[in-house]
Amino acid sequence: MAEIKSVGIIGAGQMGSGIAHVVALAGMKTRLYDVGEEQTKKGLSVIEKGLDRQVTSEKISQADREAALKLIETSTDLTTLGDLDLVIEAATENEDVKRKIFREICPNLSKDTILASNTSSISITRLASASDRPEQFMGIHFMNPVPVMKLVELVRGIATAETTFEASKGFVDKLGKTVTVSEDFPAFIVNRILLPMINEAIYTLYEGVGSVTSIDTAMKFGANHPMGPLQLADFIGLDTCLSIMQVLHDGLSDSKYRPCPLLVKYVEAGWIGRKVGRGFYDYR
Ligand code: CAA
């Protein structure tokens, strides 16, 4: 498989814009898709702010910033991603949404394009089966915030060809990120371990063991985590946290993965974290 030189990203939210940021910074042609111009503009402005932070902290030069921005095009038409070497789906963590995207995009993709999902929990084998190219389908899972976090999880589906895996690994290497390989099990490695910890922190709050700040202070200073688990839940998005817990609970049929009722209630209330201004903390 030839080197990946051009990448399409479906979804200009926090993960999609972060992926576009690092792909363009690594010198690859980048096309960022979302359903409307409002979304793509918002994605671009997140990328600009992220690049500005990196210029300020002297991680990159002003020239690197300009070069990256020049490499990013936006699109609101899914049929325009067909000529790219790799297309990464980074839409919301909902299987039906992802399957619908694959059904729509596949007829317009070049036969050589590798299709990937940034899913943080859903079976790659099952998603691949919704595409027309299970051999050219990969799980490429970035961590949030993408420009800062060094890890990318690579996940093969049952039918993924070795050439697809190698091309994907070469792509992640080009981004300067560290690869870890996970088998295709619910929530893979990082979220299999991280999300039950966050869910347990929510149970700790639910059962009155500690307040939001006590729990976060305990884990920040007692376990040296950069963020407390409730702050991290707000950062990831409580909707995403709940989806991942549901995938673990359904997929592994073990009550230890039962989503905390308080997490369910917050999601039902629309208090899904930093992106809406309210979660365990108030950001308004
Ligand atoms: N773009 C570019 N740079 C960014 C950035 C962004 N979006 N966000 C932060 N940075 C940079 C800052 O500029 C800063 O750079 P310097 O050190 O060079 O100055 C650096 O990152 C640290 O940022 P801050 O000083 O603002 O804040 P901080 O020290 O509190 O770090 C953090 C912020 C990196 C997010 C840190 O709190 C952290 O690591 N938190 C944990 C994040 C985590 O666990 N992520 C994984 C979530 S799980 C996941 O993603 C999987 C999933 O599927 C759900």
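The values are calculated or read from the model by the stated rules, or taken from the named source; none is laboratory data. Since the structure is predicted, the reported quantities are computational estimates derived from the model, not experimental observations. Neighbour counts run over all protein chains shown; Cβ positions are idealised from the backbone, glycine included.
Considering each residue of the range 61-71 in turn, none proves to be within 26 Å of Cys241 (Cα to Cα) and more than 16 Å from the ligand (Cβ to nearest atom).
Just the residues that are assigned to a loop (DSSP other than H, G, I, E, B) and surrounded by fewer than 15 Cβ atoms within 10 Å (Cβ to Cβ), please, taken from the range 45-71.
To start, the set of residues in the range 45-71 that are assigned to a loop (DSSP other than H, G, I, E, B) comprises 57-61, 71.
Selection gives Ser57, Glu58, Lys59, Ser61.
Quick grid of which residues meet (1) within 12 Å of the ligand (Cβ to nearest atom); (2) in the same structural domain as Ile101 (by TED's automatic domain parsing); (3) not small (Gly, Ala, Ser):
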{"site": "Met15", "(1), (2), (3)": "yes, yes, yes"}
{"site": "His21", "(1), (2), (3)": "yes, yes, yes"}
{"site": "Ala26", "(1), (2), (3)": "no, yes, no"}
{"site": "Lys29", "(1), (2), (3)": "no, yes, yes"}
{"site": "Gln39", "(1), (2), (3)": "no, yes, yes"}
{"site": "Lys42", "(1), (2), (3)": "no, yes, yes"}
{"site": "Ile47", "(1), (2), (3)": "yes, yes, yes"}
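Residues of the range 228-247 that are of a type outside the set (A, V, I, L, M) and either touching a residue at least 24 places away in the same chain (Cβ under 8 Å) or near the ligand (Cβ under 7 Å from one of its atoms) (or both): Gly228, Pro229, Gln231, Asp234, Phe235, Gly237, Asp239, Thr240, Cys241, Ser243.
The one condition from (1) more than 19 Å from Ser117 (Cβ to Cβ); (2) touching a His at 6+ places or on another chain (Cβ under 9 Å); (3) within 14 Å of the ligand (Cβ to nearest atom) that His225 does not meet is (2). Here Gly210 meets the list (1) within 16 Å of the ligand (Cβ to nearest atom); (2) surrounded by fewer than 23 Cβ atoms within 10 Å (Cβ to Cβ); (3) in a loop (DSSP other than H, G, I, E, B) almost entirely, failing just condition (1).
Yes/no per residue for (1) over 16 Å from the mean Cα position of the chain (by Cα); (2) in a helix (DSSP H, G or I); (3) of a type outside the set (Gly, Ala, Ser):
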| residue | (1), (2), (3) |
| --- | --- |
| Val172 | no, yes, yes |
| Val179 | no, no, yes |
| Asn191 | no, yes, yes |
| Leu195 | no, yes, yes |
| Ile202 | yes, yes, yes |
| Asn224 | yes, no, yes |
| Asp239 | no, yes, yes |
| Met245 | no, yes, yes |
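Which members of the range 125-169 meet the condition of being among the acidic types (Asp, Glu) and in a loop (DSSP other than H, G, I, E, B)? Listed by number, the list holds a single entry, Asp132.
Within the range 61-75, residues that are on the phi < 0 side of the Ramachandran plot have Cβ atoms under 6 Å from residues that are among the polar types (S, T, N, Q) and modelled with pLDDT of 95 or more in these pairs: Leu71/Thr30; Ile72/Thr30; Thr74/Thr40, counting only partners at least 6 apart in sequence or on another chain. Just one of the numbered conditions (1) modelled with pLDDT under 95; (2) of a type in the set (S, T, N, Q); (3) away from the ligand (no atom under 15 Å from the Cβ) is not true of Ser121: (3). Could you grab me the full set of residues in the range 266-284 that are touching a residue at least 12 places away in the same chain (Cβ under 8 Å) and part of a helix (DSSP H, G or I)? Answer for the range 266-284, where residues must be touching a residue at least 12 places away in the same chain (Cβ under 8 Å) and part of a helix (DSSP H, G or I): Tyr266, Val267, Arg274, Lys275. Selection of the range 166-190 for residues being under 17 Å from Arg156 (Cβ atoms) and within 14 Å of the ligand (Cβ to nearest atom) yields Thr180, Ser182, Pro186, Ala187, Phe188, Ile189, Val190.
In the range 72-94, which residue that is within 15 Å of the ligand (Cβ to nearest atom) and buried (at least 18 other Cβ atoms within 10 Å of the Cβ) is modelled with the lowest pLDDT? Checked the range 72-94; the qualifying residue modelled with the lowest pLDDT is Glu93.
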